[in-house]
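These notes concern the structure reproduced below.
Just so it is clear, none of the values below were taken in a lab; they were calculated from the coordinates. In this text, all values refer to a predicted model and were calculated from it rather than measured experimentally.
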């Protein structure tokens, strides 16, 4: 299994899931706070699983897997942890989501910098990290918003993040194709 192929596929999967969740939230008016927490928790769990799957591809190639394994585990735990806050006040949920998004954004930006010599399109990953960081900070400073506004924020973020992550995954897979053609 090729690490770039696995990483590219998992990134594209993450992006599509994020995009579809964002579109669903835009059209599901009247959704409850518990439902939005469930959607975000499910997103974090799926993201964590795909990141850990991608880390297995890197492990098979003898590369370091610390970043993806740690980020995948964090996403998985954050998603499961959010389930314990289903009945919490909206301000608590918004703060938790904001903190999650900031941490994953910083991790993505660092990973893009570290892996910049190994992968094409790393600027998309930096962009994704910056988008996450800005969105997380925005949430932390706006915890008093109404539920409908919070849902709109999450939906817009998910759509943009989905597009950026999918494009980055595509770039990774394209780079892999070029590499294989050069080897022939």
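The largest-to-smallest principal axis extents of the Cα set in the range 3-177 are 45, 25, 24 Å.
Which whole-number value in Å³ per residue fits the convex hull of the alpha carbons of the range 82-164?
Details: hull volume 7.0 nm³, N = 83.
Normalising the Cα hull of the range 82-164 by residue number yields 85 Å³.
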